[in-house]
Amino acid sequence: MAAQIVEPVDAAGAAAALGAAASDGLSIAVRGAGTKLTAPASDVVISTMNLTKGVDHVAGDLVATAPAGASLDAVNDVLRRERQWLPLDPPRSHRATIGGIVATNDSGPRRHRFGAPRDLIIGIEIALVDGRTAKAGGRVVKNVAGYDLSKLMCGSFGTLAVVTSATFKLSPVAPFSQTVVATLADVRKLGDLALALASAPVGPSAIELQSPPHRLLVRFETTEGAAAAQTAIARDICAAHGATVSVISGQAETDAWRAHESRIFSDAGTVVKIATLPTDVADMLSSIQRLTTGAAVECAISGRGALGIVLLRLGSDPAAHGHIINELRREAVARRGSAVVLSAPDDIIEAAGRFGSLGDAGPIMRAVKARFDPHHLLNAGLSPWD
Amino acid sequence: MNQSFLTELARLVGPDGLIGDASDLLTYESDALVHLRSTPGAVVLPTSTEQVQAVVRLCRREGVPFVARGHGTGLSGGALPIKDGVLIGLSRMNRILEIDIPNLRAVVEPGVTNLEITKRVAPFGCYYAPDPSSQVVCSIGGNIAENSGGAHCLKYGFTVHHVLGVDAVLPDGELVHIGGAVLDTPGLDLLGVLVGSEGTLAIVTKAIVRLLRRPEKVMTLLAGFESIDAAGEAVSAIIASGIVPAAVEMMDRLTIEAAEAAVHPNFPKTDAVLIVELDGPASEVDELFAVVEALCRKCGAVTIEIARDQAQRDRIWKGRKAAFAAMGRVSPNYYVQDGVVPRTKLPEVLRRIRDLEARSGLRIGNVFHAGDGNLHPLICYDEAIPGQAEHAEKVASEILTYCIEAGGAITGEHGVGVDKKSYMPKMFGEHDLDTMQLVRCAFDPTGICNPGKVFPTPRLCGEVPGPYRAHPVERAGLAERF
């Protein structure tokens, strides 16, 4: 028997579907475009793909409300008419939905300047298993009335409620963009150079790790004059660190960033996100290189160099993935960080665990989950806070 | 409060950490919302997380409600004590525990003042970004409870964007670590909901905060306009040009006069002044500042002063930050309102406030964060005149309805506390509030952690239904459905 798929067209429909399934005790999976996680097995699938009704953009307020099922690119196409955008660049943005991006708190290289969804979200509407909808926050940037459920939903992986729409603060589109590409001989030095650039008088929108080859992609999005001045400063710093430097703009720049994304997120495979202190990035990069070379596993790296976020994609041979994940997680945790498996074959996730330990906050996370979804019907088995 | 309970408290925090004397308790009977007062049964001043845990455990065991308090600068009664409850004052937990400049982190106790962090890291070229007007005295613990903002949050965000992790004592006395030193910690973003929960979910005993490097260049401009509308147009023009200033502040004639009388910032004697600040790399600031200046002139600025140095910038900001307190120079009493409107609705709402001023017979000063639509109308009254205080409160209340009708919020930074909880149903539906209560009940099922705040009507939590049904993963075969 296949799971029943429900595709509500509005929040009320989503709530009704949730309520009906929950009252029958049916397990429910929530699914957007499916660009990230594989939804767990369930009796009912609630797809957000028909929640696409209209983007409400108020350019003068620098805010917009977007439906959960709209792709990020579709939303940004609307916002760009007023020279604004929702400054998020997670992978597969042509398909990734607003709901899915919120549910996974997903972001990309430009998190360096603009933050993650939880930093940009200012309001939310959700549908709950009790069959009702609820909202929190609002449409103003500054607002401390009531609990901020919109942040709670960011990264909750659809385990608490179904996001039906979200409101964000926006940014103006910069008039000009160019990227400094610094190539280094040693992977460790990427971490050092990222730190040096982050403390320099420049305001890049991304300081992005790439390996192999060992490169730092430093993007400047500002006026043309300011980009030129900051590029000159960045060039000097890169050169002082022994890097060879080139500068790209226009189509070459667009292509380079697209290629950068697809190195990690081209198709299904094992992708791990490590969060660490910025000063530990160099050591983590060395460890990744040591472990993957030792096990003869192909590996591609990206990440937010100055923020302490390292992404890696492991290739053949998958038999060694579990060991590498465990070792990296052990090292990251020892350094007060974490390693989360973003995607991997089921057997690897089962063996290594997706999230690692929740620490002493696990019980209170489970208490929150139990209040929102007392019968554990929503995306069951997906998270350790279930 | 019975003697054995007090004795037990004294044992936990030491005799000098307990205040039980009736006259000493008066100090703690309100926060900065002074017209609401309530005398707690006891005040404890713990010096460690362990002491906070012990006190909370005792309260839990005895079913005694407790309220955490920072430095008592809150403006919504969030730290208003519960009669016969325990007030947990965190002012003695005031150490900066760690400063990590390379990673731009500091670890602080909740009683550290906001500005103290910046002072300590200034020699390294760093600062802590949220800058509420009370930053000289307000505590980080209080900032976390209220999700404090300040003048620079248009560009830099609020406390929630600058706190990475906390040690929190839950209402059952358990200590949990939420968030952490790194950006992403696995699990639910409890930090996002804890910050701004007004002390109703837990007591924060330690926080890891993010530091920023001082921008290479800061430029500040003070522009005088003949009307609030003209100043508002300038703000719209700046935003429309694609510039996100570090701060955009507006003051009207009455608040300009008050500030002038109090701290002599030498503001122009116009109907409105705009303070616009840009910061960032010099190359960018230089270029964009010229645009800002031109837009101000185009929108009718009659005076423009550009701060040449830090001293001049400080003088301008002193005039702005003193605006609240300065109202005392022009009025015996004043009521500070805090509401938010979408920025594009500012002119319309300000006109309604002007009409209200004429109708009410009370002078209303307006000082606000124009970039993000956060209004702080100051309603002047004289409490010596019978009924005028109540009248002022009604006027303040009407302004909030304007904010709600404009699609805004009932508070932008002062919090709901006790003061505004009756407005919550005007902004949120019953189910919205019920859903927020789910979080409350997960953290505080017995309702002893700062009860009676934020939400209009107390609700019992009840038990979580269970046991839950068979886990899908446990049901073999279902995995093949996809």
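When a/c is below 1.5 the answer is rounded, else prolate if a/b is larger than b/c, else oblate, so apply that to the range A:176-262 with a ≥ b ≥ c taken from the square roots of the Cα gyration tensor eigenvalues. Verdict is oblate for the range A:176-262.
With viscosity 0.890 mPa s and temperature 25 °C, the Kirkwood radius over alpha carbon pairs of chain B converts through Stokes-Einstein to a diffusion coefficient of 103 µm²/s. Going from the fewest other Cβ atoms within 10 Å to the most, the residues B:MET1, B:MET93, B:MET251 appear in the order B:MET1, B:MET93, B:MET251.
Over the residues of chain B, the helix contribution to mean residue ellipticity at 222 nm works out to -10000 deg cm²/dmol, using -39500 (n - 2.57) for each DSSP H run of at least 4. Electrostatic bookkeeping for A:ARG132 treats Lys and Arg as +1 and Asp and Glu as -1; over the other residues with beta carbon under 13 Å from its beta carbon, the sum is -4. With contacts taken as Cα pairs under 8 Å and at least 6 residues apart, the range A:1-173 reaches a relative contact order of 26 percent. For the peptides B:447-459, B:185-197, the ranking by mean Cβ contacts within 10 Å, running from highest to lowest, is B:185-197, B:447-459.
Amide H to amide H, with H built 1.01 Å from N, A:SER165 comes under 5 Å of A:ALA68, A:GLU125, counting only residues 5 or more places away or on other chains. For A:SER262 and A:SER23, the difference between the fully extended length at 0.36 nm per residue and the C-alpha to C-alpha distance is 81.8 nm.
Would you tell me the mean number of C-beta atoms belonging to other protein chains that fall within 10 Å of each C-beta in A:355-364, as a whole number?
Taking the mean over all residues of the peptide, I get 6.
Across peptide B:424-433, the mean count of Cβ atoms from other chains lying within 10 Å of each residue's own Cβ comes to 4.
Taking a ≥ b ≥ c as the square roots of the eigenvalues of the Cα gyration tensor, chain A is classed as oblate, since a/c reaches at least 1.5 and a/b does not exceed b/c.
By the Cβ rule of 4.7 Å, chain B holds the following cysteines without a possible disulfide partner: B:CYS59, B:CYS126, B:CYS138, B:CYS153, B:CYS296, B:CYS299, B:CYS380, B:CYS403, B:CYS449.
Size descriptors for the range B:217-405, from the alpha-carbon set: Rg then Dmax equal 16.5, 58 Å. Amide H contacts of A:SER343: A:VAL271, each under 5 Å away and 5 or more positions distant or on a separate chain (H built 1.01 Å from N in the peptide plane; Pro and chain starts excluded). Shape analysis of the protein assembly as shown yields a ratio of the Cα radius of gyration to the Kirkwood radius, Rg/Rh, of 0.96.
Whole-Hz Karplus values for the range A:358-367 come out as 8, x, 6, 7, x, x, 6, 4, 5, 5 Hz, taken residue by residue from phi with 6.51 cos²θ - 1.76 cosθ + 1.60 and θ = phi - 60°; glycine and proline positions read x.
Under 15 Å from a label point set 7 Å out along the Cα-to-Cβ vector of A:VAL333, the amide N atoms of the range B:169-201 belong to B:185-187. Highest mean first, the peptides B:376-382, B:115-121 sorted by other C-beta atoms within 10 Å per residue fall in the order B:376-382, B:115-121.
Before anything else, pin down the relative contact order of chain B: Cα pairs under 8 Å, at least 6 apart, normalised by residue count, whole percent. Rounded, it is 14 percent for chain B. The mean number of Cβ atoms from other chains found within 10 Å of a Cβ in peptide A:76-83 is 1, as a whole number.
Does the range A:1-173 come out rounded, prolate or oblate by the C-alpha gyration tensor, with a ≥ b ≥ c the root eigenvalues, rounded set by a/c under 1.5 and, if not, prolate when a/b is larger than b/c and oblate if not? Because a/c hits 1.5 or more and a/b exceeds b/c, the range A:1-173 counts as prolate.
When peptides A:203-216, A:165-178 are ranked by their average number of other Cβ atoms within 10 Å per residue, the highest-first order is A:203-216, A:165-178. Here the residues B:PHE324, B:PHE428, B:PHE124, ranked from fewest to most Cβ neighbours within 10 Å of their Cβ, fall in the order B:PHE124, B:PHE324, B:PHE428.
Counted by neighbouring Cβ atoms within 10 Å, the residues B:ILE99, B:ILE203 run from fewest to most as B:ILE99, B:ILE203. Charge tally for B:PRO132 (other residues, Cβ to Cβ under 9 Å; Lys, Arg +1; Asp, Glu -1): -3. With 0.36 nm allotted per residue and the present C-alpha distance subtracted, the B:LEU460-B:GLU8 stretch has 159.9 nm of extension available.
Taking 7 Å steps out from each Cα toward its Cβ at A:ALA12 and B:ARG95 produces label points 5.9 nm apart.
FYI, it's all coordinate maths here, none of it is from the lab. Everything numeric here is computed off the predicted structure, so don't read it as measured data. Methodologically, a virtual Cβ is constructed for each residue, glycine included, from the backbone with ideal geometry; neighbour enumeration extends over all protein chains shown.
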